[in-house]
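J.: Before anything else, here's the structure in question.
The values are calculated or read from the model by the stated rules, or taken from the named source; none is laboratory data. It should be emphasised that the depicted structure is a prediction, and the values quoted were computed from it without experimental measurement. All Cβ positions, even for glycine, are placed from backbone atoms using ideal geometry, and neighbour counts span all protein chains on display. Only protein heavy atoms, including side chains, enter the accessible area calculation; ligands, DNA and RNA are left aside. Shrake-Rupley method; radii C 1.70, N 1.55, O 1.52, S 1.80 Å.
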Amino acid sequence: MPKLGLDIDQYLRTEVLPTVWCPGCGNGNIVEGIGTAFQRIGLDPEKVVVVGGIGCSGRTPFYVRTNAMHTTHGRALAYATGLKMANPELTVVVTMGDGDALAIGGNHFIHAARRNIDLTAIVYNNGIYGMTGGQEAPTTPVGSRTTTSLHGAVERTFDTVELALAAGASYVARTTTFDMQEIPLRIEEALRHKGFSVVEVLTQCPTYYGRLNRIGDPSDMLIWEREHTADEPVTLLSREEMVGPLRTGVFRNNEDPEYIEVYREMCAAQGGSYAAS
Amino acid sequence: MATATKTSTNGKDTRRLIMGNEAVALGAIAAGCDFYAGYPITPATEILEEMARVLPRRGGVFLQMEDELSAMAAIIGAAWGGATAMTATSGPGFSLMQENLGYAAITQTPCVIVDSQRGGPSTGLPTLPSQGDAMQARFGTHGDRPALVITASSVRGCYDATVLAFKLAKRHRMPVVLLFDAVISHMREPVEIPPPPPPPVRNFPALAEGDPRFGDAPFVPFGYGPIAVVTGLSHGGDGLAETRRGVQTEAMIIDSISKLDQDPEIRAEWTGDYRLDDADVAIVAYGITARAAREAVDQLRERGVAAGLLDLRILWPFAHQRLREVAAKSKTIVVPELNLGQMVMPVRAAVEGAAKVYQLNRADGTLLTPEDIAAFAISVQGGQDA
């Protein structure tokens, strides 16, 4: 297999490169973050499944050298829930875009969080539908231009972190592709966390979001990310007004009862031995 | 058609009075099902409830999902986690499952889906029977795929069909649909059911790195062999996407379809004959309507009409060859259905004019009675076109 010379080559399916992603896209940085986190923990690729939805981010499973499940649009978390329950020994990571996770898959997102099942959900938020050519997403900032909001988006914006917190996720963090060092850190924390973990990564789509909103080249978009965020994990729930930059950091990391453990206890009380292997 | 037998090792009647939905749950457990994901919907809910009661005791997984989209997705995920998985629903939920059903087909994932049909379209007639999903069960998902759809016309038949569905799902690596209806699902009959086996032990063939995972390859879930790539994109035996042309996927689908037609067990279970050998009038029916048609055959025989029944126990793949044989002998074919004419289409296509085909349809939530079918068969005997 070809080598990129990175420390994480063993976790990359290098023979399928190049990726489908555009030059300057931030998704590759997230893949690097996933590989780095895997390596730091020392995960066995045969015991890991990366489950993706549909869209740019959904292609991630092809590029990570572990088991890969590229599912249907919006349903990745539902596939992952069945998979994890069928074999809780597997580490299951779910990669979704903002449209995938919060529009078409919004229902599965809140219910996976409500169950607090031990999955790591990584939401690649570029504020737009990239694969289909730049349409408005539920995360598109108000006033932004997309091919379906050429006059400026008028719908209110979903906040992934607020939604995950409200729905019951027990680990919730947000970072950006500008914060390269932080991506693997957050993913590693999420992987080590027992329960439903959400890591939102703001990522740049220079081809559509950047171009339509005249932000500039990919490096300008990274600076835009820095200028529009602040490392201060406070939320709408705890702030007087939702003003100023989007906050990043770890918003919740608690030990709420995890679904598989609760289910195991329920089985045991009925005389059943769940996932006894 | 399997009928209830009264066995008596100690002179006692050991039959149990159960409804079709309970028979499905018992059949699933007997077949080694250890994973159920579903969403409540009439008239399939008792399957969900029974599995919720039984599976935790056996250490299996019961998941009540947020909708039918996720129920279908969860059983596919579960199969790739090594489970023997099923879901059950009715028409509205079955419609929601169609996209993921296509995913199960293209990823060659064994799983079982029950559709207890009710009147449609839309919310329709939730507590009344229908056979309106016969075509949806075959063609509901976009694109072409192999399809295996099994019916039943008795409570014992529900049990046997369920056991068969799991067996064929595993053998052919594909989603298998059990097509019942509100009456079969809720009807109670006394049946003899063997005691459930112990919980299944997972066992998959050993694979080496680089062995193909799709096409003719055995189904080996994640974690039981080398790493695998599973995608709903067109792919080759290695699972990697082929997006420029779908040559390998097309070949795999064609191959799966032809393998179904050659399966000896499918051929054996395909259709059930009743008094068909010397029949001038062949009634072609399935599910609850086959049950009424069987009685109609007896009534017609009493009135001097040589009638017989061809029960389509396995609806899809369609028993083309058997239909041609029947049409060569019986020059009149009657197709009663609880819809506005669905399975009559492949019947006509198979017969190709060798016999006259008459359709009797009803889609108002009322069953066709034996008297309805017998009277219709007599009315068309004159030979006028329907």
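J.: Percent relative contact order of the stretch B:274-380, based on C-alpha pairs within less than 8 angstrom and at least six residues apart?
T.: Result for the stretch B:274-380 is 32 percent.
J.: For peptide B:215-227, how many partner chain Cβ atoms fall within 10 Å of a residue's Cβ, on average?
T.: The shielding value for this peptide is 4.
J.: Using only Cα atoms, tell me the angle between helix B:288-302 and the longest principal axis of chain B; keep it within 0 to 90° and round to the nearest 10.
T.: 30 degrees
J.: Below 10 angstrom from the Cβ of residue A:165, what's the summed charge of the other residues (Lys, Arg +1; Asp, Glu -1)?
T.: Local net charge: -1.
J.: Under a Cβ-Cβ cut-off of 11 Å, what is the net charge of the residues other than residue B:91 that fall near it, where Lys and Arg count +1 and Asp and Glu count -1?
T.: My count for the surroundings of residue B:91 gives -3.
J.: On the protein heavy atoms, probe 1.4 angstrom, tell me the percent of accessible surface of the stretch A:155-247 carried by carbon and sulfur.
T.: 52 percent
J.: Moving on. Taking the Cα-to-Cβ direction at residue B:352 and at residue A:227 and moving 7 Å from each Cα, how far apart do the two end points lie in nm?
T.: 7.3 nm
J.: Turning to a different aspect of this structure: In the stretch A:9-269, with Lys and Arg counted as +1 and Asp and Glu as -1 at Cβ, which of these residues, A:224, A:58, A:171, has the Cα nearest the positive end of the dipole, that is, farthest along it?
T.: With unit charges placed on the Cβ atoms, the residue in question is A:58.
J.: Compare B:12, B:167 by solvent-accessible area with a 1.4 Å probe and give them largest first, with all protein chains kept in place.
T.: Largest accessible area first, the residues go B:12, B:167.
J.: May I pose another question? Below 13 angstrom from the Cβ of residue B:217, what's the summed charge of the other residues (Lys, Arg +1; Asp, Glu -1)?
T.: Once all neighbours under 13 Å are counted, the net charge is -2.
J.: At 222 nm, what value in deg cm²/dmol follows for chain B if DSSP H runs of at least 4 each add -39500 (n - 2.57) and the sum is divided by all its residues, to the nearest 500?
T.: -11500 deg cm²/dmol
J.: Note down the accessible area of residue A:124, probe 1.4 Å, to the nearest 10 Å².
T.: Ignoring ligands and nucleic acids, residue A:124 comes out at about 10 Å².
J.: What's the angle, to the nearest 10 degrees (0 to 90), between helix A:106-115's Cα axis and the longest principal axis of chain A?
T.: Once rounded, one gets 40 degrees.
J.: Moving on. Can you bin the stretch A:1-109 into rounded, prolate or oblate? Criterion: square roots of the alpha carbon gyration tensor eigenvalues sorted a ≥ b ≥ c, rounded for a/c under 1.5, prolate for a/b above b/c, oblate for the rest.
T.: Oblate.
J.: Quick one: which residues, 5 or more positions from residue B:107 or on another chain, have an amide H under 5 Å from its amide H? H modelled 1.01 Å from N in the peptide plane, none for Pro or chain starts.
T.: Amide H neighbours of residue B:107: none.
J.: Something else now. Rounding to the nearest 10 and keeping the result within 0 to 90°, find how far the Cα-based axis of helix B:247-262 lies from the longest principal axis of chain B.
T.: Tilt of helix B:247-262: around 50 degrees.
J.: Looking at the stretch A:64-165, which GluC sites (Glu not before Pro) are DSSP coil and have at most 12 other C-beta atoms within 10 Å of their C-beta?
T.: A:89, A:155
J.: Please list, by residue number, every one of the GluC sites (Glu not before Pro) in the stretch B:299-386 that is coil in DSSP and has at most 13 other beta-carbon atoms within 10 Å.
T.: Within the stretch B:299-386, the qualifying GluC sites (Glu not before Pro) (loop, at most 13 other Cβ atoms within 10 Å) are B:352.
J.: Turning to a different aspect of this structure: Quick check: from the Cα gyration tensor, does the stretch B:152-247 come out rounded (a/c under 1.5), prolate or oblate?
T.: oblate
J.: How big is the B-A contact in terms of buried accessible area, both chains counted, 1.4 Å probe, rounded to the nearest 100 Å²?
T.: Using a 1.4 Å probe on protein heavy atoms, the buried area is about 3100 Å².
J.: Moving to a separate point now. Measuring with a 1.4 Å probe in the full set of protein chains, what accessible area per residue, in whole Å², belongs to the protein assembly as shown?
T.: 39 Å²
J.: Related question: Can you tell me the length gained on complete extension of the stretch residue B:375 to residue B:242, counting 0.36 nm per residue apart and subtracting the Cα distance?
T.: Between residue B:375 and residue B:242, full extension yields an extra 42.3 nm.
J.: In whole Å, what is the distance between the alpha-carbon centres of the stretch A:177-212 and the stretch A:14-53?
T.: The distance from the Cα centre of the stretch A:177-212 to that of the stretch A:14-53 comes to 12 Å.
J.: Can you give the FRET efficiency for residue B:14 and residue A:270, using 1/(1 + (r/R0)^6), R0 = 35 Å, r = Cβ-Cβ distance, to the nearest 0.05?
T.: It comes out at approximately 0.85.
J.: Over the whole of B:228-238, what's the average partner chain Cβ count within 10 Å per residue? Rounded to a whole number, please.
T.: If you average over the peptide's residues, the count of other-chain Cβ atoms is 4.
J.: Could you tell me which of rounded, prolate or oblate describes the stretch B:39-106, using a ≥ b ≥ c as the square roots of the eigenvalues of the alpha-carbon gyration tensor, with rounded for a/c under 1.5 and, failing that, prolate when a/b is larger than b/c and oblate otherwise?
T.: Because a/c hits 1.5 or more and a/b fails to exceed b/c, the stretch B:39-106 counts as oblate.
J.: Count, for each residue of A:58-67, the Cβ atoms from other chains sitting within 10 Å of its Cβ, then give me the mean as a whole number.
T.: 3
J.: Can I ask one more? Going by amide H atoms built from the backbone, whose H comes under 5 Å of the H on residue A:52, apart from near neighbours?
T.: The answer is A:69, A:70, A:71, A:95.
J.: Please give the charge dipole size of chain B, origin at the Cα centre, charges +1 on K and R Cβ atoms and -1 on D and E Cβ atoms. Round to the nearest 20 debye.
T.: Dipole of chain B, to the nearest 20 debye: 520 debye.
J.: Keeping all protein chains in place and using 1.4 angstrom, which order do B:378, B:253 fall into by accessible surface area, from largest down?
T.: B:378, B:253
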